[in-house]
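Worksheet: the structure to be examined is printed underneath.
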Amino acid sequence: MVEEDKYCVDILHQTHAVRKALEKLEKLLLESHLRICVPEGITAGNEGTIVQELLQLYHVDTSR
């Protein structure tokens, strides 16, 4: 759209729609991960790895 010199507001509408779609996808992936992968990882004895991955994903400072 930029290369086609489309109206700026039209481009912003599209980027907003893409961002919202990605947010929805991320929520679905996170829910699936928390419901399936996390319990499986904990059962398999990988609790530390699971917790560390989630902390990194959400940029939680663990240096305290």
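Which residues, counting only those in the range 4-38, are hydroxyl-bearing (S, T, Y) and either touching a residue at least 12 places away in the same chain (Cβ under 8 Å) or within 30 Å of Q52 (Cβ to Cβ) (or both)?
Result: S32, single match.
What's the number of the condition R19 fails, among (1) surrounded by 11 or more Cβ atoms within 10 Å (Cβ to Cβ); (2) modelled with pLDDT of 95 or more; (3) under 15 Å from the mean Cα position of the chain (by Cα)?
It is condition (1) that R19 fails.
Of all residues in the range 18-56, which are under 30 Å from M1 (Cβ atoms) and of a type in the set (G, A, S)?
A21 - this is the single residue of the range 18-56 that is under 30 Å from M1 (Cβ atoms) and of a type in the set (G, A, S).
Consider E53 carefully, then state whether it is surrounded by 10 or more Cβ atoms within 10 Å (Cβ to Cβ), under 21 Å from the mean Cα position of the chain (by Cα) and modelled with pLDDT under 95.
Yes; evaluated as a whole, the condition is true for this residue.
Could we say that Y7 is modelled with pLDDT of 95 or more, among the aromatic types (F, W, Y) and out of contact with any strand residue (DSSP E or B) (no Cβ under 6 Å at 6 or more places or on another chain) here?
Criteria met by Y7.
The values are calculated or read from the model by the stated rules, or taken from the named source; none is laboratory data. Note that this is a predicted model, so its numbers are computed, not measured. Every residue, glycine as well, gets a Cβ built from its backbone with ideal geometry; the counts of neighbours run over all protein chains shown.
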